[in-house]
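Student: Sharing a structure below in structure tokens format, with a few things to ask.
The values are calculated or read from the model by the stated rules, or taken from the named source; none is laboratory data. Only a predicted model underlies this, so the values are computations on that prediction, with no experimental measurement involved. Glycine gets a Cβ as well: all are built from the backbone with ideal geometry, and neighbour counts include every protein chain shown. We work out accessible area using only protein heavy atoms, side chains counted, and drop any ligands, DNA or RNA first. Shrake-Rupley method; radii C 1.70, N 1.55, O 1.52, S 1.80 Å.
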Amino acid sequence: MNCKKIITLLFVLFYFGVNAQIGGRFAFESISLPSNARVTALGGSLITVQDDDLALSSMNPALLNSSMNKQLSINHNFHFAGISNSHVAFAKTLDSLGITLLGSVQSINYGDFDLADDIGNVSGEFSANEVALIIGAGKKINERISVGANLKFLTSSYESYGSSALGVDIGIHYQKPGSFVSWGLVLKNIGSEFSALVDDKRALPFDLQLGYSKKLEHLPFRFSIIGHNLQKWYIRYDDPDFDIQQNLLQEVASSKSAFNRNLDNLFRHLIFNGEFLIGTREQFRLRFGYNHLRKQELRVSNFRSLAGFSMGFGFNIKKIKIDYGVGYYHLAGASNHLSLKLNMGKIFSKV
């Protein structure tokens, strides 16, 4: 595929993305949840770092590489009100082709609900859940560029109702050999339902992301800036409780209000995060992140909270890696995420 075809494809995807809204209008929005504790601790996205963390491949399939060979990643996220989200993944590298393959399952269980008629008589219980089966592949095409793709088959079950969908992720990773700077570009969740839940078929929550990471040369620290939902510029909800009331007779106030809204909208597209990489082999890591969109959408008037902030840590124990992340969403509390990564090749080796 030449450059003109790639540019045309991106333009078409951008055009259709601009005419969509984020949140509340898409099917299987749970597929956008953080895949592991590291991502939760870093604000919800990391598409730029290519290391041996297999769960990052759900963020950007171009991150798949040979260091993930025979890795098993087990992740569980404890949400509010008994809702839980799990992700299990395994990778295998085909040395002859230079391709790393991924197989994973992501699920969310919304818990049990009372089954009642239209006047409130309870006759039992029902459950609600969504499951995604993911097959992915990543390949390094030259010393700087890696590409990858994920194919997703999704199903849902809500009492006697259900739906299914098909989606694709396409990702690119760029880093010069020996450089401390890396870039990532990913087109997430291209697709839609092919079996609707009720009437009209809905699209998946498409998300165009572009990210930048830099590891400091003389300090064990890496920071990243991730731009998300770039397919649509204005993603701000104009709430009169938070906005300055415009007055046609006060042009200064009106101008300031418009500037503040545009600045706020810009930062809603950005996630800022960092990792302290401690130890000769980076055995211990401290992480933090800030998601401005989450902060603004889930804050409560006249109350301060940690909504939008996240933090966590990770450490190695021989052939096992353990990560913990906590993401603050609301005054009501936080989401706790645990991850376990096993190097099955080393665990079952004879050495």
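Student: Identify the residue in the stretch 37-89 that is more than 14 Å from the chain's Cα centre (by Cα), without any contact (Cβ under 8 Å) to a residue 40 or more places away in the chain and closer than 29 Å to Lys295 by Cβ and, among all such residues, is surrounded by the most Cβ atoms within 10 Å (Cβ to Cβ).
Tutor: Ranking the qualifying residues of the stretch 37-89, first place goes to Ile83.
Student: State all residues of the stretch 167-185 that are buried (at least 22 other Cβ atoms within 10 Å of the Cβ) and under 13 Å from Ile31 (Cβ atoms); if no residue qualifies, say none.
Tutor: Gly167, Asp169 - these are the residues of the stretch 167-185 that are buried (at least 22 other Cβ atoms within 10 Å of the Cβ) and under 13 Å from Ile31 (Cβ atoms).
Student: Give the residues of the stretch 78-137 that are on the phi > 0 side of the Ramachandran plot, in contact with a helix residue (DSSP H, G or I) (Cβ under 9 Å, 6 or more places away or on another chain) and in a strand (DSSP E or B), sorted by residue number.
Tutor: Result: Gly111, single match.
Student: Let me ask something else about it. From Gly191, Gly211, grab the single residue that is assigned to a strand (DSSP E or B) and on the phi > 0 side of the Ramachandran plot.
Tutor: Only one candidate qualifies: Gly191.
Student: Taking the stretch 306-328 on its own, how many of its residues are of a type in the set (Ser, Thr, Tyr) and either outside any strand (DSSP E or B) or touching a residue at least 60 places away in the same chain (Cβ under 8 Å) (or both)?
Tutor: The number of residues fulfilling the criteria is 2.
Student: Show the residue pairs meeting these rules: Cβ distance below 9 Å; 6+ apart or different chains; first residue within the stretch 175-191 and within 24 Å of Leu204 (Cβ to Cβ) and without any contact (Cβ under 8 Å) to a residue 40 or more places away in the chain; second residue among the aliphatic types (A, V, I, L, M) and in a strand (DSSP E or B).
Tutor: Qualifying pairs under 9 Å: Gly191/Leu154; Gly191/Ala165; Gly191/Leu166; Gly191/Val168; Gly191/Ala203.
Student: Of Ser224, Ser164, which residue is farther than 24 Å from Ser73 by Cα and open to solvent by less than 50 Å² (accessible area, probe 1.4 Å)?
Tutor: Among Ser224, Ser164, only Ser164 is farther than 24 Å from Ser73 by Cα and open to solvent by less than 50 Å² (accessible area, probe 1.4 Å).
Student: Could you go through the stretch 293-305 and let me know if any residue there is farther than 29 Å from Leu219 by Cβ, under 20 Å from the mean Cα position of the chain (by Cα) and open to solvent by less than 50 Å² (accessible area, probe 1.4 Å).
Tutor: Checking the stretch 293-305: at least one residue is farther than 29 Å from Leu219 by Cβ, under 20 Å from the mean Cα position of the chain (by Cα) and open to solvent by less than 50 Å² (accessible area, probe 1.4 Å).
Student: Any idea which of Leu286, Leu293 is assigned to a strand (DSSP E or B) and either touching a His at 6+ places or on another chain (Cβ under 6 Å) or not hydroxyl-bearing (Ser, Thr, Tyr) (or both)?
Tutor: Of Leu286, Leu293, the one residue that is assigned to a strand (DSSP E or B) and either touching a His at 6+ places or on another chain (Cβ under 6 Å) or not hydroxyl-bearing (Ser, Thr, Tyr) (or both) is Leu286.
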